[in-house]
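The values are calculated or read from the model by the stated rules, or taken from the named source; none is laboratory data. Since the structure is predicted, the reported quantities are computational estimates derived from the model, not experimental observations. Glycine also receives a Cβ, built like all others from the backbone with ideal geometry; neighbour counts cover every protein chain displayed. Keep in mind that these areas ignore ligands, DNA and RNA; they rest on the heavy atoms of the full protein, side chains included. Shrake-Rupley method; radii C 1.70, N 1.55, O 1.52, S 1.80 Å.
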Amino acid sequence: MQNTDLVKLSEQYESLLYQEELKRRIDERQERENRTIENKKLIRDLRFYYHFTNIGYRYFTPYDNNFCDKILNKLRDRKFKLPDYTHLYIRVSDSFENALYHTTRSENWFVCGIAVLKDYMDYPKKNEAEKKKIVFDLIREGLNDIAKIDNLDMQTLNQVLDEVESEINDVPK
């Protein structure tokens with residue numbers, strides 16, 4: 001034990017645990033992709049979460065909540081249906097692996113879609129129109145990730161996303 005570098009050993013175990021969790025999450029996504037299930041539950045909620053080093057709670061506010069609310073309302077109006085869950089969560093991080101690692105599915109009533117923003121530290125330097133576009137594109141990426149895996153109605157989803165995007169762009173800047 002005297003010759004053991006505990007820091008190095010700890011790092012090795014953390015790396016192993018990280019890889020195991022990633023594999024588990026990839027397997028979960030694969031299972032969802034391979035199943036055949038009817039989309040019969042109405043959407044109830046849409047949320048936007050992110051995990052970045054040294055980034056606080058309201059980094060993407062107000063755009064994240066505003067866009068999610070608009071998209072959710074339009075999807076509800078169109079009676080958008082989901083398989084065996086009712087809530088869609090979007091998880092954003094600086095890499096696919098990091099977002100996936102922080103996507104813990106503890107209940108069956110929600111699923112998470114993955115979106116990536118590599119240059120997240122530049123976000124505060126952007127003007128408001130650029131910030132809106134970044135957040136909207138992340139939401140679109142996350143929702144399309146879910147839709148592809150679970151075979152959701154891509155046409156309705158993308159019509160709604162296009163409508164919301166055009167509304168956003170029609171607003172004076």
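Annotation note: of Phe48, Phe80, Phe96, the sole residue that is among the aromatic types (Phe, Trp, Tyr), at pLDDT 95 or above, within 24 Å of Glu163 (Cβ to Cβ) and out of contact with any Cys (no Cβ under 6 Å at 6 or more places or on another chain) is Phe80.
Just one of the numbered conditions (1) surrounded by 10 or more Cβ atoms within 10 Å (Cβ to Cβ); (2) in contact with a Leu (Cβ under 9 Å, 6 or more places away or on another chain); (3) closer than 23 Å to Ile149 by Cα is not true of Lys40: (1). The C-beta contact set for region 29-55 (first residue over 24 Å from Leu138 (Cα atoms), second residue of a type in the set (Phe, Trp, Tyr), distance under 8 angstrom, 6+ apart or interchain) comprises Lys41/Tyr85.
Only one entry in Asn98, Asn108, Asn127, Asn66 is crowded, with 18+ Cβ neighbours inside 10 Å and of a type in the set (S, T, N, Q), namely Asn98.
Any residue in region 87-99 that is at negative phi, hydroxyl-bearing (Ser, Thr, Tyr) and over 13 Å from the mean Cα position of the chain (by Cα)? No; the residues of region 87-99 include none that is at negative phi, hydroxyl-bearing (Ser, Thr, Tyr) and over 13 Å from the mean Cα position of the chain (by Cα).
Among the conditions (1) within 19 Å of the chain's Cα centre (by Cα); (2) free of Cβ contacts under 8 Å to residues at least 60 places away in the same chain, Leu6 misses just one, which is (1). Taking region 130-173 as the range and being surrounded by 12 or more Cβ atoms within 10 Å (Cβ to Cβ) and not in a helix (DSSP H, G or I) as the test, the residues that pass are Asn151, Leu152, Asp153.
Apart from one condition, Arg32 fits all of (1) part of a helix (DSSP H, G or I); (2) over 18 Å from Ser93 (Cβ atoms); (3) open to solvent by 100 Å² or more (accessible area, probe 1.4 Å); the exception is (3).
Condition check ((1) in contact with an Asp or Glu (Cβ under 7 Å, 6 or more places away or on another chain); (2) outside any strand (DSSP E or B); (3) modelled with pLDDT under 95) across all residues:
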site	(1), (2), (3)
Thr53	no, yes, yes
Tyr57	no, yes, yes
Asp69	no, yes, no
Arg91	no, no, no
Thr104	no, yes, yes
Glu107	no, yes, yes
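Restrict the check to region 75-84 and report whether at least one residue is under 17 Å from the mean Cα position of the chain (by Cα) and surrounded by fewer than 21 Cβ atoms within 10 Å (Cβ to Cβ). No, there is no match, as no residue in region 75-84 is under 17 Å from the mean Cα position of the chain (by Cα) and surrounded by fewer than 21 Cβ atoms within 10 Å (Cβ to Cβ). If you go through region 47-63 and pick out every residue that is within 18 Å of Asn127 (Cβ to Cβ) and either in contact with a Phe, Trp or Tyr (Cβ under 6 Å, 6 or more places away or on another chain) or surrounded by 16 or more Cβ atoms within 10 Å (Cβ to Cβ) (or both), you end up with 2.
Do we have any residue at all in region 77-85 that's part of a strand (DSSP E or B) and hydrophobic (A, V, I, L, M, F, W, C)? Looking for residues that are part of a strand (DSSP E or B) and hydrophobic (A, V, I, L, M, F, W, C), one finds at least one in region 77-85, hence yes.
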